[in-house]
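S.K.: I'd like to ask some things about the structure below.
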Amino acid sequence: MRLGVAWALVDGQLVEGDVEVADGVVAKVGLPRARGRGIAAPGFVDLQVNGLDGIDLVDADLDGYRRVGELLLAGGVTAYLPTFVTGPEARVVAALRRLPRSLVAPHILGVHLEGPFLSPRRLGAHPARYRRDPNLDLLRRLLAAGSVRLVTLAPELPGARALIRELRERGVAVSLGHSDATTEEAHAAFDLGARSVTHLFNAMRPFHHRDPGLVGVALTRDDVVVQLILDGRHLAPETAAIAWRAARGRIALVSDATAAPGALTPDGALAGGAAPLLHCVRALHALGAPLAEALAAASAVPARVLGQGGLGRLSPGLPADVVVLSGELEVERVLVDGSERYSR
Ligand code: ZN
């Protein structure tokens, strides 16, 4: 099957020509180009999806996951991490056990646990009564309940370093966030193997010129991927521009999508993102990022956080998880493992 595109984002480069998909994988690129300005890009990888359309994944049944999956596919997302925020242990454990195994599109890569090991000073919308200081036994109970791929934690809390070590030994990615970490504490956590920051700038100690903290360390360390919510509400345009200029090539866009998009907590904190990932791609492009880099920020770079080779890339021989975009960057078609799962 030819995709009928004029361009494809192949291993991060825009390559002219059509794409052939066969037996579930990308077979050829650079074929004679189709008419129009269509672009084939790697399907988007969203590291932070709490829910959508009134459905919170922490409570969702299979039908709820199906509905959320349909909406994600329509936005070009072919793989994601259901994200569970700080909550009662029994609820989170039950949600981990309920994680569907039968759904193949979009791919459910495992869970992003955002909490409960967060700073009491930087909780944002997380409920304080379920916040916990780092506790290895609790972490192990959570890991035993279901497939966890990413954990957001505050590295300055007592015992956090042992948790980072445990997670890295088990191959679970660690992201720092909801944190009051100082410069030294942030460096120490990255040196232990944390590789990312969750929604940079939001819910962390603000940048100060003599104590740049987690923000300053993340923006200046080339080995750190910074996750951004570019929904037009979480960050001022200048703040987003600083991130883009400092962390070019290592920005992972996340939607932080929730059941009720763009909601505020009673004390005015933003609870979740207000825009789908495609909107964030357009926003990064509008900030000056070349299209290839804006698309990579929603595919190859988030895949790098998980350390999963092949994910988030479009290249001959790799699974055909592909989003076909119009010249105006609207989603036209979405393929998962070579099967069409959405068309406009
Ligand atoms: Zn958060």
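The values are calculated or read from the model by the stated rules, or taken from the named source; none is laboratory data. Since this is a predicted model, take the numbers as computed values, not measurements. Cβ placement follows ideal geometry from the backbone for every residue including glycine, while neighbour counts extend to all protein chains displayed. Ligands, DNA and RNA are excluded from the accessible area calculation, which covers all protein heavy atoms including side chains. Shrake-Rupley method; radii C 1.70, N 1.55, O 1.52, S 1.80 Å.
S.K.: Please compute the modelled spin-label separation between VAL25 and ALA260, points set 7 Å along Cα→Cβ, answer in nm with one decimal.
M.R.: Going from the ALA260 label point to the VAL25 one covers 4.7 nm.
S.K.: To the nearest 10 Å², what's ASP11's accessible area with a 1.4 Å probe?
M.R.: Surface open to solvent at ASP11 totals about 80 Å².
S.K.: In the Gaussian network model of the chain, springs joining C-alpha atoms below 10 Å, which of ALA90, ALA275, ALA243 carries the largest mean-square fluctuation?
M.R.: Result for the chain, Cα springs under 10 Å: ALA90 fluctuates most.
S.K.: Using a 1.4 angstrom probe on the protein heavy atoms only, could you order THR182, THR83 from most to least accessible area?
M.R.: Largest to smallest exposure gives the sequence THR182, THR83.
S.K.: Compare the Cα positions of PRO106, PRO276, VAL85 along the charge dipole of segment 44-305 (+1 at Cβ of Lys, Arg; -1 at Cβ of Asp, Glu; about the Cα centre) and return the one farthest towards the positive end.
M.R.: Highest projection toward the positive end goes to PRO106.
S.K.: Exposed loop sites here are GluC sites (Glu not before Pro) in DSSP loop states with at most 13 other C-beta atoms within 10 Å. What is the longest stretch of the chain lacking them?
M.R.: With GluC sites (Glu not before Pro) excluded where exposed in loops, the chain gives 1-327 as its longest stretch.
S.K.: Next question. Which value, in Å² rounded to 10, gives the accessible area of ARG161 with a 1.4 Å probe and all protein chains present?
M.R.: Per-residue accessible area (ARG161): approximately 120 Å².
S.K.: If the chain were replaced by its equivalent ellipsoid, with semi-axes equal to the square roots of 5 times the Cα gyration tensor eigenvalues, what would those be, largest first, whole Å?
M.R.: 32, 22, 18
S.K.: Now for a separate question. Per-residue accessible area for HIS285 at 1.4 Å probe radius, Å² rounded to 10?
M.R.: My reading of the accessible area for HIS285 is about 80 Å².
S.K.: Carbon-plus-sulfur fraction of the accessible area of the chain, 1.4 Å probe, in percent?
M.R.: 50 percent
S.K.: Follow-up question, since we're still on this one. I'd like to check one number: the per residue accessible area of segment 3-128, probe 1.4 Å, reported in Å² as a whole number.
M.R.: Per residue, segment 3-128 has 39 Å² of solvent-accessible surface.
S.K.: Once you place label points 7 Å from the Cα toward the Cβ at ARG66 and SER339, how far apart are they in nm?
M.R.: 1.4 nm
S.K.: Using the basic label-point model (7 angstrom from Cα toward the beta carbon), what is the GLU16 to ASP223 distance in nanometres?
M.R.: 4.1 nm
S.K.: Place a point 7 Å from the Cα of SER326 along the Cα-to-Cβ direction; which residues of segment 53-95 have their backbone N under 16 Å from it?
M.R.: Residues 74-76 qualify, since their backbone N sits under 16 Å from the label point.
S.K.: What order do SER147, SER326 take when sorted by accessible area (1.4 Å probe), most exposed first?
M.R.: Per-residue accessible area, sorted high to low, gives SER147, SER326.
S.K.: Full-extension gain between ALA162 and ALA236, please, as 0.36 nm times their residue separation minus the C-alpha to C-alpha distance.
M.R.: Going from the current span to full extension adds 23.1 nm.
S.K.: Evaluate the relative contact order of the chain (contact order divided by residue number), counting alpha-carbon pairs under 8 angstrom at least 6 apart; express in whole percent.
M.R.: 21 percent
S.K.: A follow-up question, please. Largest first, how would ASP53, ASP321 line up by accessible area (1.4 Å probe)?
M.R.: ASP53, ASP321
S.K.: Still on this model: Mind checking which of LEU163, LEU214, LEU153 has the largest fluctuation in a GNM of the chain, springs on alpha carbons under 10 Å?
M.R.: Largest GNM mean-square fluctuation: LEU163.
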